[in-house]
Number of protein chains: 2
Amino acid sequence: MRIGIDAMGGDRAPVEEVKGALAAREFLSKDDRLVLIGREQAVLEQLSGAPGWKAFIEVHHAERVIGMDEPPVESLRDKPDSSIAVMAEMQKQGRIDASISAGNTGAYVAAATMRLRRLRAVHRPGIAVVIMTHRGPISLCDVGANVGCRPQHLHQYGVMSSIYMNAVCGVASPRVALLSIGEEDAKGNDLVKRTRELLKEEKTINFVGNVEGRDLFRGVCDVVVCEGFVGNVVLKLIEGMAEGVIRAMVAEVARSFPEQLEVMKRTAQAVTSRFDFNEYGGAPLLGVNGICIICHGASDYRGFKNAVGVAMNVARKQVNARITEVLSRCEGPADG
Amino acid sequence: MRIGIDAMGGDRAPVEEVKGALAAREFLSKDDRLVLIGREQAVLEQLSGAPGWKAFIEVHHAERVIGMDEPPVESLRDKPDSSIAVMAEMQKQGRIDASISAGNTGAYVAAATMRLRRLRAVHRPGIAVVIMTHRGPISLCDVGANVGCRPQHLHQYGVMSSIYMNAVCGVASPRVALLSIGEEDAKGNDLVKRTRELLKEEKTINFVGNVEGRDLFRGVCDVVVCEGFVGNVVLKLIEGMAEGVIRAMVAEVARSFPEQLEVMKRTAQAVTSRFDFNEYGGAPLLGVNGICIICHGASDYRGFKNAVGVAMNVARKQVNARITEVLSRCEGPADG
């Protein structure tokens with residue numbers, strides 16, 4: 001298997017990307033290769049000194065970089081020689097079997113969708129991120145690929161994420177929930193009410209009904225389906241809040257029990273690591289005809305290393321074939 | 001001033017409502033009265049034994065109760081003798097000057113909107129909840145009154161919440177932010193992009209641009225404007241997550257430093273109390289022609305007591321008159 005890594009995407013590119021690729025060697029069998037895509041000289045500089053990297057890493061030059069704040073579609077058009085555009089093109093041509101990027105998410109999603117197209121029967125790709133809670137992992141889909149969701153998109157996110165959680169995280173019969181503002185049928189907005197009807201009738205998933213924001217941390221579901229705007233707000237809120245609450249705890253100990261500060265800091269570190277996105281290595285863009293793994297912009301080398309693991313798992317467990325199989329069965333009218 | 005309290009609304013009604021009313025005496029001057037509305041006998045039972053309650057509390061009978069899960073509009077129609085319906089009618093007739101309920105939010109919002117109508121120039125009422133963060137309080141509006149927001153509704157939520165934060169929380173020139181999924185103009189959904197243009201042009205507020213979920217805990221704004229569905233998800237997520245993270249910290253200490261468990265528990269308690277909705281006493285329904293304070297269903301007596309304080313503050317600072325004054329100036333086309 002050949003996995004492309006956008007070497008220029010993350011906040012500390014290409015340093016963490018290269019380190020992550022080197023560390024990912026443990027996941028690879030002897031025929032697997034990682035292809036670092038980006039400014040050759042910068043990448044080679046980071047690789048220099050690493051023993052034996054040529055056995056499993058290749059470098060493919062891409063001259064430019066799409067910045068985090070650039071408009072996705074325009075930047076792809078203006079920068080066909082950017083690492084994201086080049087990587088998508090390579091994946092389309094079959095020169096890599098999977099891709100990983102911590103760069104501009106919108107641009108990566110657009111490039112993947114335009115170049116690889118959707119899987120058969122999929123309406124819209126969605127990003128399924130795995131979030132750790134103290135009650136175990138949950139998958140949240142979509143977290144920002146699609147901010148104009150229709151009920152049939154959300155329905156498919158439920159199906160796709162359920163397959164993903166089963167295949168990659170080993171959850172048997174994942175409990176799929178719909179994010180709303182009350183557990184009752186009558187609550188929520190129009191999108192949620194219509195989606196609920198579709199999910200209720202979907203025989204291939206274990207739909208457990210609506211959940212509210214507070215339920216995400218109560219171990220009542222394995223998959224949470226939501227519209228991309230809401231999912232993105234939730235994801236970033238969780239990130240900011242875990243940090244905020246933990247800081248408040250440390251500050252409180254510093255104030256009231258200063259002699260225990262060391263214990264508290266170690267506790268904070270242990271708990272922080274459980275909410276650390278680097279541990280889960282990236283979120284698949286489900287529904288594209290290819291394997292595309294999105295990393296957090298602030299990923300360190302572990303994020304990239306684990307993203308390689310996720311990509312290999314998605315391939316090994318044939319997640320895309322399973323998605324196509326299930327969704328083709330219940331294929332509805334075509335949708336843009 | 002006469003303040004009505006739905007005695008049957010909360011999870012432990014009427015116990016906490018009555019306790020809260022008794023405790024609120026400290027806020028009242030000698031002409032102020034609290035009117036407990038609900039099943040007379042049950043309320044009187046709770047009051048019995050409290051010395052001197054007749055000096056500042058009245059009881060007004062309402063036979064029925066709207067359950068938390070009942071559909072708002074239908075339940076109001078079917079139960080005109082419910083505490084929420086009776087209270088709204090009393091407020092309409094001027095027999096009370098403000099109302100407080102921890103009951104079915106949808107029913108309370110519907111009753112208030114139907115009976116009291118909107119303030120002049122207000123398109124849609126919105127609930128502005130104050131959330132504590134370790135960087136200070138922020139107001140989030142709307143958190144569930146309006147799940148079909150248009151840009152002009154969100155625009156007004158920014159104006160109304162800014163007035164509220166200034167008047168009641170004493171924040172000079174509140175920094176108003178729009179909740180989105182990126183700080184750039186180009187990010188977000190259509191609603192956010194159009195709202196952003198309106199907020200940018202609004203001269204009466206200090207608009208600081210978009211914020212993301214993670215920024216809520218970074219002290220970068222005082223008011224966060226969002227659509228009611230998103231706001232409700234965020235509010236409940238914050239609640240569940242504060243609890244979840246704090247529990248994870250306690251569990252970690254129990255595991256790794258069991259001898260420090262007592263210190264940790266006291267720290268958890270101190271930090272929990274900072275995220276405690278009871279401390280802030282309820283969220284005003286901004287934009288109705290009256291003072292309506294919504295309490296959390298799980299409020300204890302402090303929640304009700306502090307809601308009385310909020311209601312008095314809204315009256316004293318003439319929040320509604322200020323809202324009408326500002327919004328009438330920039331009155332746009334009428335909207336439903």
| Quick one: in the stretch B:125-145, which of the residues that are assigned to a loop (DSSP other than H, G, I, E, B) and surrounded by fewer than 24 Cβ atoms within 10 Å (Cβ to Cβ) is farthest from the other protein chains (Cβ to nearest Cβ)? | B:135
| remark: Within the stretch B:221-237, restricting to residues that are closer than 19 Å to residue B:164 by Cβ and among the β-branched types (Val, Ile, Thr), the one that is nearest to the other protein chains (Cβ to nearest Cβ) is B:234
| message | Among the residues that make up the stretch B:150-161, is at least one of them over 17 Å from the mean Cα position of the chain (by Cα), at positive phi and in contact (Cβ under 8 Å) with a residue 60 or more places away in the chain? | response | no
| task | Look at the stretch A:202-211 and say how many of its residues are β-branched (Val, Ile, Thr), outside any loop (DSSP other than H, G, I, E, B) and more than 14 Å from chain B (Cβ to nearest Cβ). | result | 1
| note | Selection from the stretch B:174-187 of residues at pLDDT 95 or above and either over 21 Å from the mean Cα position of the chain (by Cα) or aliphatic (A, V, I, L, M) (or both) yields B:176, B:177, B:178, B:179, B:180
| request: Return yes when residue B:198 is assigned to a helix (DSSP H, G or I), buried (at least 24 other Cβ atoms within 10 Å of the Cβ) and not β-branched (Val, Ile, Thr) and no when it is not. | output: no
| Could you say whether any residue in the stretch B:97-118 is at pLDDT 95 or above, within 24 Å of residue B:204 (Cα to Cα) and open to solvent by 10 Å² or more (accessible area, probe 1.4 Å)? | yes
| task | May I ask you to list the residues in the stretch B:22-74 that are under 21 Å from the mean Cα position of the chain (by Cα) and among the aromatic types (Phe, Trp, Tyr)? | result | B:27
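Condition check ((1) in a loop (DSSP other than H, G, I, E, B); (2) within 22 Å of residue B:302 (Cα to Cα)) across all residues:
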| residue | (1), (2) |
| --- | --- |
| B:4 | no, yes |
| B:30 | yes, yes |
| B:41 | no, no |
| B:49 | yes, yes |
| Any hit, the stretch B:101-115, residues being closer than 30 Å to residue B:36 by Cα and among the charged types (D, E, K, R) | yes
| request: Determine, yes or no, whether residue B:122 is open to solvent by less than 20 Å² (accessible area, probe 1.4 Å) and assigned to a loop (DSSP other than H, G, I, E, B). | output: yes
| note | residue A:89 passes all but one of the listed conditions (1) closer than 24 Å to residue A:306 by Cα; (2) touching a strand residue (DSSP E or B) at 6+ places or on another chain (Cβ under 7 Å); (3) acidic (Asp, Glu); the exception is number (2)
| note | Per the filter on the stretch A:146-162, residues among the hydrophobic types (A, V, I, L, M, F, W, C) and open to solvent by 10 Å² or more (accessible area, probe 1.4 Å) are A:147, A:149
| remark: Of the listed residues (B:66, B:5), the one being open to solvent by less than 30 Å² (accessible area, probe 1.4 Å) and closer than 17 Å to residue B:98 by Cβ is B:5
| message | Quick check on this structure: which one of B:255, B:266, B:247, B:316 is basic (Lys, Arg), surrounded by fewer than 19 Cβ atoms within 10 Å (Cβ to Cβ) and under 24 Å from the mean Cα position of the chain (by Cα)? | response | B:316
| message | Given the options B:271, B:245, name the one that is facing chain A (nearest Cβ under 7 Å) and in contact (Cβ under 8 Å) with a residue 24 or more places away in the chain. | response | B:271
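For the stretch A:182-189, state whether one or more residues are within 13 Å of another protein chain (Cβ to nearest Cβ), within 11 Å of residue A:226 (Cα to Cα) and surrounded by 20 or more Cβ atoms within 10 Å (Cβ to Cβ). Give the derivation first.
Kept after step one, since they are within 13 Å of another protein chain (Cβ to nearest Cβ), are these residues of the stretch A:182-189: A:182-189.
Cutting the leftovers down to within 11 Å of residue A:226 (Cα to Cα) gives us none.
No, the stretch A:182-189 has no match at all.
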| remark: Just one listed residue, out of B:214, B:322, B:302, is open to solvent by 40 Å² or more (accessible area, probe 1.4 Å), part of a helix (DSSP H, G or I) and within 14 Å of chain A (Cβ to nearest Cβ), and it is B:214
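The values are calculated or read from the model by the stated rules, or taken from the named source; none is laboratory data. In this text, all values refer to a predicted model and were calculated from it rather than measured experimentally. Glycine gets a Cβ as well: all are built from the backbone with ideal geometry, and neighbour counts include every protein chain shown. What goes into the accessible areas is simple: the full protein's heavy atoms, side chains included, and nothing from ligands, DNA or RNA. Shrake-Rupley method; radii C 1.70, N 1.55, O 1.52, S 1.80 Å.
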